[in-house]
Amino acid sequence: MADRADIDRIREATDIVELVSEVTKVKRSGRTSMAVCPFHQEKTPSMSLDRGRGLYHCFGCGKGGDVFSFIQETQGLDFGDALELLARKAGITLTADPASAQRRSRRGAGVEALRRAGEVYHQRLKKVPEAGPARAYLRSRGYEIDVIDGWKLGFAGVDWDTLTKELRSAGVADKALIDSGLSRKGRHGLYDVFRGRLMFPIHDLRGDPVGFGARKIDEVNREATNNPDAKYVNSADSIIYHKAQLLFGLDRARKSISDTDPAVVVEGYTDVIAMHQAGIDTAVATCGTALGDGHFDLLRRFTEKVVLAFDSDEAGSKAALRGDELESPFRLDLDLRVAVMPEGLDPADLVQAGRQEDLVKAVGDARPLLEHRIKHEIGRFDLSGPEGRARALHAAAEHVRKVNDQIAQREYSRFVARQIGVDLTDVEAAVGRGSPRPSPRPSKRDEPLDRHEAELLRVAITNTGELDDLSESDFLDPRLREGFRAVADLLAETRPGEPVDIGLAPAEVQPLLRSLILDPTPPASGAEMLARVRHRRLGFEIDRLEAELEKQEPGSETHSESLRRLIALQKDKRSGPDT
């Protein structure tokens, strides 16, 4: 069990705004900070952050909590691992606990193994003779020592177990070597996964090493490589490495991307480095897998504009076009564009040739992906005859149909008409003949909270001390009544002016309490709001009595009692505040 004092110290030392900004885009406005929620798809920030209390709450999906739950949710860690991670970030030494000392997370041990491996690879690249061909390759690409050191490039030894032996001697456990994807079990024991290759360390958004991309060096003994036919091999998916949710360089690029610059997706690790050398420090690349929906979901946390800057060869063109087949760009309404590389060169080639300006211009001139895709489709057909034009029209219409915005769809229809040489009405007819895209089903939401009572509870949990006589009976909305019941004892135990620790409230009411606390609008006067709620309740009671009087026999004792009660309530209501 973690020491309570440690938990409190780490919570106080951790800035929730900075923590959230490590994984998603945060917009600051005065004392208020709003973030693009990493837990559901959205474009407009709906996650409110309270720096003073260390809390977050998404008004879109309802997710919320404190600094620990944020790490648990975004990194897939348990509470103990989240505590250790935040303690390291804050420079806090946790109180010794025999139980937790024996339990070191598999992920934490694996990440540490990868960090040590990165240092071993890096030093080998710079010092050992067998890495000479790798160094020569880097020099041929124009990568000097500053690039090698800046990106921590490395070299895997050619022997079967060079790294395994070195890390074992440093105290790294076999399980961590296997979990990290650095070693595998063979007939004669553990052996190195990567051998005789140039190593590119891959980091997650926190900057933790999670895997490697490894490039074959032709001059190195082919017997030493684990797959001599593959130009690149990458870490296998594991408890640490998830290639479908990783982008090489995003840990470096995310801040520039958040500063309104578009994310630029390139094909390989050397292309990312070349882009950064050219001043395009928003460049990222997938890690040994095709660009997928998970990558777009990751990028949309930081930007709405993504440029695909793939090679101009056939493979690169296909990779760019495949982006049009994915769901995320349309679901998230991303501005997805394609930068056409000049003369069939890739970004690394252009930088090596000293043509950085051409590279920057290509990215700046990037055209919408759908326009690129339509031109490619139309180019497959012979437009000199009516049959060719008809086939081109139907092929292009399939893509125009994916555009949900009516104005944009009409503009693309005009574009298709110009490209093929047909009337706009023909294009619109072809687009309309397809099956309409199903409209998303509206999500079921609870009935809105009573705004007066919600504001009253909000004022109460700010604990200003002006609501001493507040009680459960002041809340007719059962959700707000339950919320008040959950914090009533906490309010009684907390001195006025001190914030109530809603983390001690039952888990089922915490989302409600967080949504109230993190409402950015200035709170109302507690005394005034209580008077309004009670005054309005009188109105409800008056309406109820009037309905009962209509059913009662005039002159009866019950009718007389109800009438006296009604008159008294009407008198109280006239003396109260207006609603």
Review point. What residue, among those in segment 175-201 that are touching a helix residue (DSSP H, G or I) at 6+ places or on another chain (Cβ under 8 Å) and of a type in the set (A, V, I, L, M, F, W, C), is farthest from residue 113 (Cα to Cα)?
Key: 198
Revision key, fill the gap. Contact list, first residue from segment 296-308 and within 15 Å of residue 249 (Cβ to Cβ), second anywhere and part of a loop (DSSP other than H, G, I, E, B) and of a type in the set (D, E, K, R), beta-carbon distance below 7 Å, six or more apart or interchain, is 302/25
Exercise for review: Counting only residues that are under 30 Å from residue 147 (Cα atoms), at pLDDT below 90 and assigned by TED's automatic domain parsing to the domain that holds residue 263, give me the helices (runs of 4 or more DSSP H) lying completely in segment 315-406 with at least 2 of them.
Suggested key: 347-352
Review point. Which condition number does residue 470 fail, the rest of (1) assigned to a loop (DSSP other than H, G, I, E, B); (2) out of contact with any Pro (no Cβ under 8 Å at 6 or more places or on another chain); (3) over 17 Å from residue 512 (Cα atoms); (4) at pLDDT below 80 being met?
Key: (4)
Point to revise | Tally of residues being in a helix (DSSP H, G or I) and either in contact with a Lys or Arg (Cβ under 7 Å, 6 or more places away or on another chain) or not assigned by TED's automatic domain parsing to the domain that holds residue 378 (or both) across segment 407-427 | key: 3
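Mind listing whichever residues of segment 141-179 are of a type in the set (Ser, Thr, Tyr) and either touching a strand residue (DSSP E or B) at 6+ places or on another chain (Cβ under 8 Å) or in a helix (DSSP H, G or I) (or both)?
Once the filter is applied, which keeps residues that are of a type in the set (Ser, Thr, Tyr) and either touching a strand residue (DSSP E or B) at 6+ places or on another chain (Cβ under 8 Å) or in a helix (DSSP H, G or I) (or both), segment 141-179 yields 162, 164, 169.
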Revision key, fill the gap. By residue number, the members of segment 180-219 that are among the basic types (Lys, Arg) and outside any strand (DSSP E or B) are 187, 195, 206
Review point. Across segment 180-231, what is the number of residues that are surrounded by 13 or more Cβ atoms within 10 Å (Cβ to Cβ), touching a strand residue (DSSP E or B) at 6+ places or on another chain (Cβ under 9 Å), at pLDDT below 85 and polar (S, T, N, Q)?
Key: 2
Review point. Does residue 132 satisfy the criteria of being within 33 Å of the chain's Cα centre (by Cα) and closer than 25 Å to residue 353 by Cα?
Key: no
Point to revise | Cβ-Cβ under 6 Å pairs, at least 6 apart or on other chains, segment 267-291 side not assigned by TED's automatic domain parsing to the domain that holds residue 138 and modelled with pLDDT under 90, far side in a loop (DSSP other than H, G, I, E, B) and not charged (D, E, K, R) | key: 267/310
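Report, by residue number, each residue of segment 20-68 that is among the hydroxyl-bearing types (Ser, Thr, Tyr) and either touching a Ser or Thr at 6+ places or on another chain (Cβ under 6 Å) or free of Cβ contacts under 8 Å to residues at least 12 places away in the same chain (or both).
Correct list: 29, 44.
Quick grid of which residues meet (1) outside any loop (DSSP other than H, G, I, E, B); (2) at pLDDT below 80; (3) small (Gly, Ala, Ser):
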| position | (1), (2), (3) |
| --- | --- |
| 512 | yes, no, no |
| 521 | no, yes, no |
| 528 | yes, yes, no |
| 537 | yes, yes, no |
Check your understanding: For segment 1-16, which residues satisfy the criterion of being outside any helix (DSSP H, G or I) and closer than 18 Å to residue 88 by Cβ?
Key -> 2, 3, 14, 15
Review point. In this structure, does residue 498 turn out to be assigned to a loop (DSSP other than H, G, I, E, B) and without any contact (Cβ under 8 Å) to a residue 60 or more places away in the chain?
Key: yes
Study note, to complete from the structure: The residue that is surrounded by the most Cβ atoms within 10 Å (Cβ to Cβ), considering only those in segment 250-305 that are among the hydroxyl-bearing types (Ser, Thr, Tyr) and not in a helix (DSSP H, G or I), is 282
Review point. How do the pairs read when you match residues in segment 112-133 that are modelled with pLDDT of 95 or more with residues anywhere that are hydroxyl-bearing (Ser, Thr, Tyr), using Cβ under 6 Å and keeping only pairs 6 or more apart or on different chains?
Key: 113/180; 114/180
Check your understanding: Taking the condition among the basic types (Lys, Arg), at pLDDT 75 or above and crowded, with 17+ Cβ neighbours inside 10 Å, does residue 458 pass?
Key -> yes
Exercise for review: Please determine, by comparing only the residues of segment 25-55 that are closer than 23 Å to residue 296 by Cβ and in contact with a Phe, Trp or Tyr (Cβ under 7 Å, 6 or more places away or on another chain), which one is surrounded by the most Cβ atoms within 10 Å (Cβ to Cβ).
Suggested key: 47
Check your understanding: Is there any pair linking a residue in segment 535-546 that is surrounded by 15 or more Cβ atoms within 10 Å (Cβ to Cβ) to one that is of a type in the set (Ser, Thr, Tyr) and modelled with pLDDT under 80, with Cβ under 7 Å and at least six apart or on different chains, and which?
Key -> 535/579; 536/579; 545/562
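The values are calculated or read from the model by the stated rules, or taken from the named source; none is laboratory data. As the structure is a prediction and not an experimental result, all values here were calculated from the model. Methodologically, a virtual Cβ is constructed for each residue, glycine included, from the backbone with ideal geometry; neighbour enumeration extends over all protein chains shown.
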